[in-house]
Amino acid sequence: MKRTTRLWPLCLFFPIFLSGKDSASPKITVAAYYFPNYHTGDRRNIQNKGAGWSEWELVKTARPRFPGHIQPKVPLWGYPDEKDPKVMARKIKAASGHGIDCFIFDWYMYEDGPFLNRCLDEGFLKAKNADRMAFALMWANHDWLEIHPYTRGTEPKVLYPGKVSPGRFEEIGDLLIARYFSKPNYLKIDGRAYFSVYDIQNFLEGFGSVESARTAMARLNEKAVAAGLKGVHWNVVAWGRPLLPVEKVPADFPDLMASLGFDSATSYVWVHHVDLPDRQTDYNRVRDQYLKHWDSVKAEYPIPYFPNVTMGWDPSPRCDRRSAWGNFGYPFTNIIGNNTAENFRTALQMTKDRLLADPGGPRLLNINCWNEWTEGSYLEPDDKNKFGYLEAVKQVFQ
């Protein structure tokens, strides 16, 4: 299926807005990634962690690992169960009221079934105000490791391989269309349902060849058209520095994007592209390094690139407290410091200005993250910053 990848018309996103200051340009769509491991009752977590477990347990037990290290992070809303529609309704109200248009859910679907899906299926989609926000899926098709928490020096155990068979992908595609893409508030670009793939290497290996993968993508696109959509907007998450021990950076990423027929690329978090040389590397240094990366991929990638703004980085809550802390590899890594709400606001403004400076360019950015509490990157209010990070989004985008 032939695709044109370099053309980028305006006013593509659902919902479509016009800027109050410049009615000639569409409003930038602001999306926030959502990590759905803060609810109880998932069958896999029950099997591996016991009844009643969620990743809130790691947030609660986090402790400072060096002088000046701010842990634990304490949520202002307590430790609610996100599969409760009332809990999700509060999140939707706060997000939509502070300039966030869309949640991009980290979506886990394996050969043998779903994982962490109750947050979206029972929480977000059943919230009384769900229509106030768009939503989309980022297929987190990486291997799921037993690292919650991780004991340094042990071999990370793969619990659920991310690679799926071609037959299973056909089933997944049917589910995507019936359960998600068909929703009126699902994020669409030029009428096509936005679907992001995190691990392009796992995706490709599941099919065995570029040709087979591209054929499967085209078939899902045809099914979407038959269901009344204009197709699927295929997005790929690009990263140059592996984080998880099993991640592999594919060779010739730009050629692979084009060969598979992806429509756009994006990033999940800044630390996929920059180094953290200091125990607490300054936020503004990391920001500036990421902006250089953005400049390079705009020239290198054959498809449009949606930039990322990261709030912070500190995966120490996923480190076993009995293990000595240091910069040894995920989750034992250096962290981002000086990530004040004001510095975050400046990064958002710089990103917005860069997007608007490109008249024919994309009008979407994503934020890491609405709730990556155990990686130190969240917009939800805490007891120290209150609503400071959400207010930063509001100041720039509303």
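The values are calculated or read from the model by the stated rules, or taken from the named source; none is laboratory data. Values in this document were obtained by computation on a predicted structure and should not be read as measured data. When we count neighbours, we look across all protein chains shown, and the Cβ atoms used for this are built from the backbone with ideal geometry, even at glycine. Remember, those area values only see protein heavy atoms, side chains included, never the ligands or the DNA or RNA. Shrake-Rupley method; radii C 1.70, N 1.55, O 1.52, S 1.80 Å.
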* What relative contact order, as a whole-number percentage, does the stretch 245-371 give when Cα pairs under 8 Å and 6 or more residues apart are counted? -> 31
* Antiparallel %, DSSP beta bridges [both residues in the stretch 19-143], to 5 -> 25
* **Overall dimensions of the stretch 122-280 by Cα: Rg and Dmax, Å** => 17.2, 53
* Consider just the alpha-carbon atoms of the chain and return their Rg together with their Dmax, both in angstrom. => 19.9, 59
* To do: Note down the magnitude of the dipole of the chain about its Cα centre, charges +1 on Lys and Arg C-beta and -1 on Asp and Glu C-beta and zero elsewhere, to the nearest 20 debye.
  => 820
* Structure fact -> Rh (Kirkwood, all Cα-Cα pairs) for the stretch 57-104, Å, reads 13.0
* To do: Sorted from largest down, give the three principal axis spans of the alpha carbons of the stretch 237-360, whole angstrom values.
  => 50, 35, 19
* Leaving out ligands, DNA and RNA but keeping every protein chain, what accessible area does Ser323 have, in Å² rounded to the nearest 10, with a 1.4 Å probe? -> 10
* Relative contact order, percent, of the chain when contacts are C-alpha pairs under 8 Å separated by at least 6 residues? -> 21
* To do: List the trypsin sites (Lys or Arg not before Pro) within the stretch 148-215 that fall in a DSSP loop (any state other than H, G, I, E or B) and whose Cβ has at most 16 other Cβ atoms within 10 Å.
  => Arg152, Lys157
* **Volume in Å³ per residue [convex hull over Cα atoms, computed for the stretch 18-166]** => 174
* To do: Would you calculate, for the chain, the mean residue ellipticity at 222 nm contributed by helices, counting each DSSP H stretch of 4 or more residues as -39,500 (n - 2.57) and dividing by all residues, to the nearest 500?
  => -8500 deg cm²/dmol
* Where the Cα pairs of the stretch 131-221 fall when distances are cut into 5 Å bins, in % -> 3, 12, 18, 21, 16, 13, 9, 6, 2, 0
* Asked: In square angstrom, rounded to the nearest 10, how much accessible surface does Cys369 have for a 1.4 Å probe?
  -> 0
* To do: Report Rg/Rh for the stretch 170-253, rounded to two decimals, where Rg is the Cα radius of gyration and Rh the Kirkwood radius.
  => 1.01
* Structure fact -> In terms of the charge dipole of the chain, which places +1 on Lys and Arg and -1 on Asp and Glu at the beta carbon, the residue among Gly361, Ala341, Tyr33 farthest towards the positive end is Ala341
* Structure fact -> Taking placed amide H atoms and a strict 5 Å upper bound, the residues 5 or more places from Cys319 or on another chain that come that close are Tyr150
* Asked: Which peptide among 222-235, 48-61 comes first, and what is the full order, when sorted by highest mean count of other Cβ atoms within 10 Å?
  -> 222-235, 48-61
* Asked: Of the peptides 303-310, 28-35, how do they stack up when ordered by the mean number of other Cβ atoms within 10 Å, highest first?
  -> 28-35, 303-310
* Structure fact -> Beyond 22 Å (Cα-Cα) in this structure, taken from Lys83/Lys352; Lys93/Lys183; Lys126/Lys188; Lys60/Lys91, we find Lys83/Lys352
* Quote the relative contact order of the stretch 146-273 in percent (integer), defining contacts as alpha-carbon pairs under 8 Å separated by 6+ residues. => 25
* **Where the chain is the region considered: accessible area per residue in Å², 1.4 Å probe** => 39
* Tell me, what are the semi-axes, in whole angstrom and largest first, of the equivalent ellipsoid of the stretch 78-194 as set by the roots of 5 times the Cα gyration tensor eigenvalues? -> 27, 21, 12
* Asked: Of all trypsin sites (Lys or Arg not before Pro) in the stretch 253-338, which ones are in loop regions per DSSP and have a Cβ with at most 15 other Cβ atoms within 10 Å?
  -> Arg321, Arg322
* Share antiparallel - DSSP beta bridges, the chain, percent rounded to 5 -> 30
* **Cα-Cα separations in the stretch 301-361 greater than 14 Å, expressed as whole percent** => 67
* Using a 1.4 Å probe over the heavy atoms of the protein chains, calculate the carbon and sulfur portion of the accessible area of the chain as a whole percent. => 51
